[in-house]
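Q: My questions will all concern the structure given below.
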Amino acid sequence: MKQLLSIIVFLFSFLGIAQNDVIFNKATEAYNNGDYQTSIDSYSKILENGQHSAELYFNLGNAYYKLNQIAPSIYNYEKALLLSPNDNEIKNNLSYAQNMTLDAIETLPETGLTKIYKTITGIMTFDQWSYTAIVFMILFVLLYIAFYYFTYATKKRIAFIGSFACLFVSIIAVIFAFIQYSDFSSDQPAIVFDSEVRIKAEPNKRSEQIFILHEGTKVNVLEELNEWKKIKIVDGKTGWVTSESIKLLKDF
């Protein structure tokens, strides 16, 4: 009975993937023909079916960009980057879309150590650092075993040094993976979707307005209170905005 259920689940999954492939091809064809809204509707249907990929979000971003819909285009490019953070094509298109936003916000300057830290840890995602740690740990074990089986002193020395070099790299990779995962988990980015948002000093409509943001601007959510979210922008300013005015990126 369990085997029959497994087969049925597999068949439905296979049919679902095949159906999504058909929809994806139709969406791409619509995009190439300049029918961007149909393309968006088709790509969105795939998302509703539970399939997510960097390519899918990238194509959605392109379609929205063609329709001059700033916030949705940036939103989908950013989601594509979450899944494929080192993709230069996504970064380039995101940059084009961001040039259409009204808010020119200066980023807080970073210290030299912070830049070095972000450059090194940002080489790979946390899962890639994890895979690297596993690979070098396996190499450490193999070289350490070889150390015991080698008879010549030179080979034993090379195996011994190599094994601990692999162990060192594995430990560093684990540390970087943990740092990357911690940063990813604590970060709650969102995109402003309203054409204009008045940021409040406190989470109520009668509160003082402290600044204004426009659609497409990226913010980071710090906390939530009822229908309000406290946000922070790249220049360090914070304030409160209604939840309906922004859309969280990590809603997979």
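Q: For Leu225, which of the numbered conditions (1) over 30 Å from Met100 (Cα atoms); (2) modelled with pLDDT of 95 or more fails to hold?
A: So Leu225 meets the others, but not (2).
Q: Here are some residues: Lys218, Lys230. Which one is of a type in the set (Lys, Arg), touching a residue at least 60 places away in the same chain (Cβ under 8 Å) and crowded, with 17+ Cβ neighbours inside 10 Å?
A: Selected residue: Lys218, the only one of Lys218, Lys230 that is of a type in the set (Lys, Arg), touching a residue at least 60 places away in the same chain (Cβ under 8 Å) and crowded, with 17+ Cβ neighbours inside 10 Å.
Q: Next question. Looking at (1) touching a Ser or Thr at 6+ places or on another chain (Cβ under 6 Å); (2) assigned to a helix (DSSP H, G or I); (3) farther than 30 Å from Gly122 by Cβ, which one does Asp194 not meet, given that it meets all the others?
A: Among (1) touching a Ser or Thr at 6+ places or on another chain (Cβ under 6 Å); (2) assigned to a helix (DSSP H, G or I); (3) farther than 30 Å from Gly122 by Cβ, Asp194 violates only (2).
Q: If I filter region 173-182 for residues that are loosely packed, with under 15 Cβ neighbours inside 10 Å, farther than 30 Å from Thr107 by Cα and not charged (D, E, K, R), do I get at least one hit?
A: No: zero hits.
Q: Name the one entry in Ile212, Ile199 that is in a strand (DSSP E or B) and in contact with a Gly (Cβ under 6 Å, 6 or more places away or on another chain).
A: Checking each option against the conditions leaves just Ile199.
Q: Assuming Thr132 fulfils every condition listed in (1) closer than 27 Å to Glu78 by Cβ; (2) not in a helix (DSSP H, G or I) apart from one, which condition is it?
A: For Thr132, the exception is condition (2).
Q: Here is a follow-up. Has region 196-211 got any residue that is assigned by TED's automatic domain parsing to the domain that holds Gln128, surrounded by fewer than 13 Cβ atoms within 10 Å (Cβ to Cβ) and of a type in the set (S, T, N, Q)?
A: no
Q: Considering only region 233-252, state which residues are surrounded by 15 or more Cβ atoms within 10 Å (Cβ to Cβ) and of a type in the set (Gly, Ala, Ser).
A: Once the filter is applied, which keeps residues that are surrounded by 15 or more Cβ atoms within 10 Å (Cβ to Cβ) and of a type in the set (Gly, Ala, Ser), region 233-252 yields Gly239, Ser243, Ser245.
Q: Exactly one of these conditions fails for Gly239: (1) among the small types (Gly, Ala, Ser); (2) in contact with a Ser or Thr (Cβ under 6 Å, 6 or more places away or on another chain); (3) part of a strand (DSSP E or B). Give me its number.
A: So the condition that Gly239 fails would be (2).
Q: Here's something else I'd like to know. Counting just the residues of region 82-102 that are in contact (Cβ under 8 Å) with a residue 40 or more places away in the chain and buried (at least 16 other Cβ atoms within 10 Å of the Cβ), which one comes out nearest to Gln128 (Cα to Cα)?
A: Pro85
The values are calculated or read from the model by the stated rules, or taken from the named source; none is laboratory data. Source: prediction; values computed, not measured. Every residue, glycine as well, gets a Cβ built from its backbone with ideal geometry; the counts of neighbours run over all protein chains shown.
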